[in-house]
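Right, one structure below, let's go through it.
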Amino acid sequence: MRKSLRRALIVAGAIGTVLAVGLTTTTVVNAVSTETEKNRIESYGQTVSVDGRSMNVVITGEGDQDVVLLPGFGTASPALDFGPLVADLAQDHRVIVVEPFGYGLSDGTERARTTDNIVEEIHEALQSLEVDRYVLMGHSIAGLYAIEYTNRYADEVTAFVGIDTSVPGQPNMDTVFPTGLLAAAKNLGLIRLAAQMTGDGLDGLDYDDRTRDQMSLISHRNSLTPTYLDEMTHIRTNFADAAGTGFPTGLPLLLFVVADNAGNPEWIDLHDRQAAEVDDGTVISLDGEHYLHHTHAPAIADGFRRWEADRLLAAH
């Protein structure tokens, strides 16, 4: 009995030592890598002052119509992530990608990541650029923020285009995330290790190696920062505050939606109902995953152009 207990203690001690050494290694590697990677991140776009901090925006192309692009939650570099879609749209539009605080090359912020604050900051950035008449286009949670945005600034937004956007009342948005545990995992280097093991998910897509490398570097910098974690914490309350709200009835709405959402069989119905609540609402379903602009950039751009053309014809 004593021998068995002693052997068990020795084994437990050995496992603990291995874990301690492993975590020390991943922590050091993460700290060193984070510091050295700062100098490898390449600047792009331009900055504007918002609430005393720098917010990064990227303007591409020319055209009679401005399109403002907003990212989904946690997108490391919105400008690079939207790259294929921007390249297509910019052939005949001026496209403005806004990188909110905590995203891309923008500063972080201690200001609470409520929908109200995020919307106000994005609008302040556009005002600095004298952009005051535009189509708002967004991915994922940007759809939730866009409801508040389009109601608040209805005289500026001419239409909203969603890319598999969030909808008030969608299920499982009352989750309380373990932000403290996630922050610890990042500091220990476990998030970096997991990313290396799983890859970036961009194989075979329209991103060159240089862009993929930059997206990875910015992801390591921005993931699970205090700004990121604060927005994650506010997801639950932001959805609760949006319950029962919708877009202005007079705002044209075009929603590109994943055709088969295995985790939510009512996904198309939720968007159909949202589109039905406005005077001019259209839903286009596409086969694919949540990041539709990664795989369907041409279809989204062409669908948007046809929708624009149809609306112009109807107006005349």
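Values quoted throughout were computed directly from the atomic coordinates according to the rules given, and no laboratory measurement underlies them. Please read all numbers here as calculations on a predicted model, not as lab measurements. Neighbour counts are summed over all protein chains in view; Cβ atoms, including those assigned to glycine, are modelled from backbone coordinates with ideal geometry.
One way to sum up the overall shape of the stretch 41-315 is the equivalent ellipsoid from its Cα gyration tensor, whose semi-axes run 27, 21, 20 Å, largest first. Close amide-amide hydrogen proximity is noted between Leu70 and Met137, Gly138, His139, each under 5 Å apart and 5 or more residues distant or on a separate chain (H modeled in the peptide plane; Pro and chain starts excluded).
The stretch between Asn172 and Ser54 holds 39.1 nm of extra length on full extension. This uses 0.36 nm per residue minus the Cα-Cα distance. Please list, in chain and number order, the residues 5+ apart from Ile284 or on another chain whose amide H is under 5 Å from its amide H, with Hs placed from the backbone. Those qualifying (amide H under 5 Å, at least 5 residues apart or on another chain) are Leu255, Phe256, Val257. Modelled this way, with points 7 Å down the Cα-to-C-beta line, the labels at Thr233 and Arg273 are 3.1 nm from one another. Our coupling estimate for the stretch 198-203, obtained by passing each phi through the Karplus curve with A = 6.51, B = -1.76, C = 1.60 and θ = phi - 60°, is 8, x, 8, x, 9, 4 Hz, Gly and Pro reported as x. Label-to-label distance, Gln46 versus Thr179, with points set 7 angstrom from Cα along the beta-carbon direction: 3.4 nm. Put a dot 7 Å past the Cα of Asn261, heading toward its Cβ, do the same for Arg311, and the two dots end up 2.2 nm apart.
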